[in-house]
Amino acid sequence: MSLFRTELRRLTKRRFTRYMTLLGLLVLAAVVVGVFFTNHKIDAGQLAKAERQADQQYQEQVRWSEQERVNCEQAKTAGTPNDGRYPDDCSVITAPSRDQIEAEWFLPSTFNFRKTFDETLVPFAAILALVGFVIGASFVGAEWSTGGMMNLLLWRPKRLTVLLTKLAALLTGILAVTLPAAVLWFAGFWAVASFRGSTEKMTSGAWQSFALTGVRGVALVLVLTTIGFALASLGRHTAMALGGVVALMVVGQFGLGILLSMASVKFAEAWLLPTYALAWMTKKVTLQDWDACNATYSGECKPDTMDITWQQSSVLFSIGVVVILGAALWTMRRRDIT
Amino acid sequence: MPAVLEIEGLRKTYKSRRRGTRNALDGFDMRVDAGQVHGFLGPNGSGKTTTLRTLLGLIRPDGGRMTLLGHEVPAALPSVAGNVGAIVESPQFFPHFSARDTLSLLAGAGEVPATRVDEVLELVGLRDRAGERVKTYSLGMKQRLAVASALLKNPTLLILDEPANGLDPGGIREMRTLMRTLAESGMTVLLSSHILGEIQLICDSVTIISLGRRVAFGPVDEVLAQHSSGAVRVRLEAVSDLPTATEALTRAGIRVTGHPDHLMLSGVDKPATVTRLLAEHNLYVSELAPIAVDLESVFLELTATAPVPGQHRQVDESTKVGGTGQPGATAGGWGA
C-alpha cells in the first residue's frame, strides 16, 4: 500500500502530469464554451419567424417549379431540341411538399441535450484518452530512462509488483481526473442545453443510455492509458510509446487507409482502429460500400453495409491490452536492468 | 567474523548474434565479512558493476551462488533488500524532482520514516540545497544524493559503486571519513572504486577482479605483502663506498641494482643481514628502507593493465586467472 501511495504521489508531483492534465481539461472546457457560444435558445417568436421563412421558401419552390413546368411544356410544344434541361415528361416537375421544408433550417443552432449530448461524449473520451496515453507513457518511460526504475527496484525488488503498482496508481490518477471531468462535462452541457437549447424529453432511458456511453468513454480512456504505459515500459522510454503510436497512426492507419482505398477494398474502414473506437462509443458504426447497388422495390440504389459493433470493438481492445501489457510484464520479469 | 556477502562461482554470459559471446562473470568468487570496509577493484569492463547488479537482482545470473546477510539471493532479495543500501554505477535520478522529493519518494516506497530524509541530507551535506531540482546539481552533488539514498534505509550492508566520482577533494575526504564512521557503527561497506589510494586508506580488505574472475582477495595488508618484492633501498655515509658495498652484497647472494647515490637490493629476507654484512666491511649505512608496494602497483601488476609506452591497451586486455597456459581457461571479450 505504501508503494501505491508513493507512486500516486510521484504521479501527481510530476510537472508533465499536471500540465498535460490541465491542457486536456482546458481543451474540454474550450469545447463546452465553444458550444455554448455557437448555440442559441429558441423562443416562440423565433420559431414563428422560422415557420414563416419555411412557408416563404415553400411558396418560392412552388412558383419556381410551376414556372419550370410551363417552360418545359412550351419547349416541348415549340419542338425546341431537348438539351437535357427538361425531362421528357414535364409533369414530373413538381414542388416539394410543405413538410419537406423544415422550419428548423431557418433557426439558429440550438443544443438539444437529448439529441446531441451523446455525440459530445466521443470527443470527451478521445481527448482524455490522448491525455491518459501520453501521461501513462511518460510516467513509466521517464522512470526507465532516468534510472528511477532501477533505484526503485533496489528498494522493492519485486519487479511485477512494482510495475503493476505503478500502473494501478496511474489508472487511479487518471480515473480521479476522468470521473469528475465526466460529471462536469454532463453538467456543462446540461447548462449549455438549459441556456442555449433544450433539455426536454429527458427520460430515465435517455439518462441511462448517456451514462452507459460515459462508462464506455471512461473505459476507453483507461485502455489507452494502459497501452501507453505498457508500450513505454516495453521500450523503456516515453518516446517508444509516442513513436509507436505515431508510426501506427501514420504508417498503419493513414498509409493502410490509402492503400486499401487504392486497392478498392470493400469496407476499408473496417481495417482502421478509429472505426472501432467510434463503434465502441456509439455502439455501432455502419460502413457502406457505394460500389455495390442493391435495388429496392422503389428503384432506389442502396449500398452494401457492414456493422461494426461495440462488442467487436471490446474484443479487439481486450486482445490489444492483454497482448501489449502481457509483453510489458513478461519483459519486465525477464530483462536485465542495465 | 560472519560473512554478510558471499559469492561463489558467479557466471554471467552475454550472447549476441552479431558480436558473439562475452563472459562478463566467469566463475567469480567473493566474500565480505561483517563490519568491514571492503574494496572491490577491477579495470574497466572487468565485471564489477555486473557483479553488483547481479547481487542486487537487476541482472539474472547464469550460474553460481550468492548470499546477502546469510540469505540466498535473488530468491530472498525482497526480505533482505530493506537492509541493503546500494548505488550502482553513476547516480541516476528524475531530474525535475528536488533532492528532498527524491528521497521522500524512496522513503515512502521503502516504508522508511520521513524524518530519516533530513538526517541523510545533513549527513551528505545537501541540507541547504535539498529543495533544488536534481537537474541543477553537479555530478558531485548527485553523487552525494546517491549516497544519501543508499543510507536512507540505515542499512546493514552498504554497497557503493564509485561513490567518489565527481567529488571535490574535500568531498572525497568527507566520504572517506563517512565510510569509516559507518563501519565503526557496525555497518559493512562494499566499495567499488578506481581511486586506489582511497581504497588503501579506507578499506580493511579487498577483492580484485579481472575479466570476470577474482585475481586477489584478502586483508589489504596481506594482499600488499603477497606482492611485495622484498626490495630495500640502501644509502651509505660515503657515496664512494657504493662499489665496495655492491661487491660484498653480490657475493652474499643479494641482487643489487646500482644508482648514483644509493643501491636497490632485492631478495632480502631480513634487512638486518644487510647492515651486519656491510658493517663487517667497515661500511656504515645512513639509510636502510624497505620499499613498500602500494595498492595501485599491485593492482596494475595483478590485472596487467599498467600502461606500456607506445601501446594503447584496449578494454578487456587484462589478466585472467586460468588464462593462457592456465587450467580451466576460457577466453573473455566479445567474440570469444
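Some notes on this structure:
- Among residues of segment A:144-165, those that are part of a helix (DSSP H, G or I) and within 7 Å of another protein chain (Cβ to nearest Cβ), counted: 8
- Any hit, segment A:166-180, residues being in a helix (DSSP H, G or I), within 14 Å of another protein chain (Cβ to nearest Cβ) and buried (at least 22 other Cβ atoms within 10 Å of the Cβ): yes
- Single match in A:Arg15, A:Arg63 (criterion: within 14 Å of another protein chain (Cβ to nearest Cβ), modelled with pLDDT under 95, at negative phi and out of contact with any helix residue (DSSP H, G or I) (no Cβ under 8 Å at 6 or more places or on another chain)): A:Arg15
- Matching residues, segment A:220-263, being without any contact (Cβ under 8 Å) to a residue 12 or more places away in the chain and in contact with a helix residue (DSSP H, G or I) (Cβ under 6 Å, 6 or more places away or on another chain): A:Leu260, A:Ser261
- Qualifying residue in segment A:321-334 (condition: at pLDDT 90 or above, surrounded by fewer than 14 Cβ atoms within 10 Å (Cβ to Cβ) and over 30 Å from B:Thr50 (Cα atoms)): yes
- Segments classed as helices (runs of 4 or more DSSP H), wholly inside segment A:229-310, with at least 1 members that are over 25 Å from A:Ser138 (Cα atoms) and at pLDDT 80 or above: A:256-262, A:273-282
- Being touching a Gly at 6+ places or on another chain (Cβ under 7 Å) and crowded, with 24+ Cβ neighbours inside 10 Å holds for only one residue in B:Leu158, B:Leu167, and it is B:Leu158.
- Taking segment B:20-132 and the strands (runs of 3 or more DSSP E) fully enclosed by it, the elements with 1 or more residues that are more than 14 Å from every other protein chain (Cβ to nearest Cβ) are at B:20-33, B:37-41, B:63-68.
- One residue from A:Leu22, A:Leu3 being under 30 Å from A:Thr165 (Cβ atoms) and exposed (fewer than 13 other Cβ atoms within 10 Å of the Cβ): A:Leu22
- Those residues of segment B:79-98 which are out of contact with any Gly (no Cβ under 8 Å at 6 or more places or on another chain) and within 13 Å of B:Ala130 (Cβ to Cβ), in sequence order: B:Phe97
The values are calculated or read from the model by the stated rules, or taken from the named source; none is laboratory data. This structure is a prediction, so every number in the text was calculated from the model and none was measured. Neighbour counts run over all protein chains shown; Cβ positions are idealised from the backbone, glycine included.
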